[in-house]
Amino acid sequence: MRRFLDWPEEREIAFTAEPKIDGLSCSIRFEKGQLKIAATRGDGEEGEDVTANVRTIRSIPQVLRGDVPPVIEVRGEVYMSTADFLALNTRQEAEGKPPFANPRNAAAGALRQLDPAITAQRPLRFFGYAAVLPDGTAPARTQWDLLAQLTAWGIPVAPHRARCHTMAEVSVWAHTVEHDTRATLGFAIDGGVVKVNEM
């Protein structure tokens, strides 16, 4: 990392460590603070427009709070909590329908529904983890500050994140999440994401 960033030995490389939510990636564009369009990654070349469905997710604000850039794209994960997933499968089975294999599949299927009314009946949630301005830059100096900014705007971010100053601290965080926290998170993760804190 020092070679890539051309940073001298004495310059600290701090990190932000975050749980990697096992959901469906989604980008949401806000203009003048208002939700305008939302898309999944699609096929990697062209995203799938899921704006109407995203508008039904209660944890995603229709209008951001506070001082917001004229145009900003927020990126994050649409997911389903463990409790909501179990309750959904109980309803599925009670109605004679096959249960969903896992929370990620249930969330992905709900977000891609052609009828937003069906999506609205599914308990989808959202965690933001990134944001970008039209010029490609981030609206904060560090990843830690960005997560705080998303929260201030009304975008939920994942709990159990940490600001780490060494790789040893990153290892302690990862061990804690894997062995102590993961079972009680209330949502599925498929690992962790460690980012150089400074944008």
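The values are calculated or read from the model by the stated rules, or taken from the named source; none is laboratory data. Source: prediction; values computed, not measured. Heads up, the Cβs are rebuilt from the backbone with ideal geometry, glycines too, and the neighbour counts pull from every protein chain shown. For the accessible areas, the whole protein counts, side chains as well, though only heavy atoms, and no ligand, DNA or RNA atoms are used. Shrake-Rupley method; radii C 1.70, N 1.55, O 1.52, S 1.80 Å.
Return the only residue of 106, 117 being part of a helix (DSSP H, G or I) and open to solvent by less than 20 Å² (accessible area, probe 1.4 Å).
Answer to the check: 106.
Specify the residue that is modelled with the lowest pLDDT; the eligible residues are those in segment 89-127 that are in contact with a Pro (Cβ under 7 Å, 6 or more places away or on another chain) and within 30 Å of residue 160 (Cα to Cα).
The qualifying residue modelled with the lowest pLDDT is 89.
For the condition touching a residue at least 60 places away in the same chain (Cβ under 8 Å) and within 15 Å of residue 69 (Cα to Cα), what is the one hit in 116, 134?
So the residue among 116, 134 that is touching a residue at least 60 places away in the same chain (Cβ under 8 Å) and within 15 Å of residue 69 (Cα to Cα) is 134.
Across segment 165-199, which residue is farthest from residue 130 (Cα to Cα) among those that are among the acidic types (Asp, Glu) and part of a helix (DSSP H, G or I)?
If we take residues in segment 165-199 being among the acidic types (Asp, Glu) and part of a helix (DSSP H, G or I), then 180 is farthest from residue 130 (Cα to Cα).
Is it the case that some residue within segment 140-159 is within 19 Å of residue 67 (Cα to Cα), open to solvent by 70 Å² or more (accessible area, probe 1.4 Å) and either out of contact with any Phe, Trp or Tyr (no Cβ under 7 Å at 6 or more places or on another chain) or part of a loop (DSSP other than H, G, I, E, B) (or both)?
yes
Among the residues that make up segment 70-78, is at least one of them modelled with pLDDT under 95, over 17 Å from residue 122 (Cα atoms), open to solvent by 30 Å² or more (accessible area, probe 1.4 Å) and among the acidic types (Asp, Glu)?
no
Quick one: is residue 172 out of contact with any Leu (no Cβ under 8 Å at 6 or more places or on another chain), buried (at least 17 other Cβ atoms within 10 Å of the Cβ) and over 22 Å from residue 39 (Cβ atoms)?
no
Would you say residue 107 is out of contact with any helix residue (DSSP H, G or I) (no Cβ under 7 Å at 6 or more places or on another chain), more than 18 Å from residue 36 (Cα to Cα) and in contact (Cβ under 8 Å) with a residue 24 or more places away in the chain?
Criteria met by residue 107.
Filtering segment 17-51 down to residues that are of a type in the set (A, V, I, L, M) and not in a loop (DSSP other than H, G, I, E, B), which residue is most open to solvent (accessible area, probe 1.4 Å)?
Among those that are of a type in the set (A, V, I, L, M) and not in a loop (DSSP other than H, G, I, E, B), it is 37.
Of the residues that make up segment 91-106, is at least one touching a Lys or Arg at 6+ places or on another chain (Cβ under 8 Å), aliphatic (A, V, I, L, M) and under 24 Å from residue 132 (Cβ atoms)?
No: zero hits.
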